[in-house]
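A short write-up of the structure that comes next.
The values are calculated or read from the model by the stated rules, or taken from the named source; none is laboratory data. Note that the structure is a prediction, hence the values are computed from the model and not measured. Here the Cβ positions follow ideal geometry from the backbone for every residue, glycine too, while neighbour counts run over all protein chains shown. We work out accessible area using only protein heavy atoms, side chains counted, and drop any ligands, DNA or RNA first. Shrake-Rupley method; radii C 1.70, N 1.55, O 1.52, S 1.80 Å.
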Amino acid sequence: MEPTAQISNRHGRWHLYVALMGVPVSQWPEHDFGTLAVPTVAARSQALTALGFTFTGGAEWQWEEYSETTGDDTSPVRLLASIRVRSRNGGVS
C-alpha cells in the first residue's frame, strides 16, 4: 500500500508528514513549513523530495475540513489535505 502525505495547519503553522503503516507516529517523516500561508504545490513537492518521497499519479491534493471537536458544529474548522506518495527509490518506505 502506498503511503499518504498529509498537510495540516495547527496553531498557525503548516505541517507536512508522511503516514507510514506499521511505523510509530513519532517516526513518520515530517516537515514544518513555519508559515501562515498555505504552502504551494511546488513547496510541498520540494519538502516531500527532501523527505525521500514523490507524488504518485499527479500532484492533486484532496482537501477536507473537520471540526476540532467532533460533533460540535460551533468548534473551529481544521483543514487537512492528503495525497498518495511513494519512496523516491521506487518502493514503499
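Once both axes come from the Cα atoms, what is the angle between helix 41-51 and the longest principal axis of the chain, in degrees from 0 to 90, rounded to 10?
Around 60 degrees separate the two axes.
Return one whole number: the accessible area per residue of the chain in Å², for a 1.4 Å probe.
Accessible area per residue, the chain: 63 Å².
VAL85: net charge of surrounding residues, Cβ under 12 Å, Lys/Arg +1, Asp/Glu -1, itself excluded? Write down the numbers at each step before the final one.
On the way: positive: ARG44, ARG84, ARG86, ARG88; negative: GLU2.
Here the charged neighbours net out to +3.
Report, to the nearest whole %, how much of the accessible area of region 20-93 belongs to carbon and sulfur atoms, 1.4 Å probe, protein only. It would help to have the intermediate numbers written out before the result.
Numbers: 2470 of 4890 Å².
Ligands and nucleic acids excluded, carbon and sulfur reach 51 percent.
Sorted by average packing, counted as other Cβ atoms within 10 angstrom per residue and highest first, what order do 68-75, 25-32 take?
By packing density, highest mean first, the sequence is 25-32, 68-75.
In the P(r) worked out for the chain, what percent of Cα pairs fall beyond 21 Å? Each step should come with its number before you reach the end.
Numbers: 1402 of 4278 pairs.
When all Cα pairs of the chain are counted, 33 percent exceed 21 Å.
For THR40 and ARG88, what is the calculated FRET efficiency with R₀ set at 30 Å and r taken between the beta-carbons, to the nearest 0.05? Write down the numbers at each step before the final one.
On the way: r = 20 Å, r/R0 = 0.67.
After rounding to 0.05, the efficiency reads 0.90.
Computed on alpha carbon atoms, what radius of gyration and Dmax characterise region 4-56, expressed in Å?
10.9, 32
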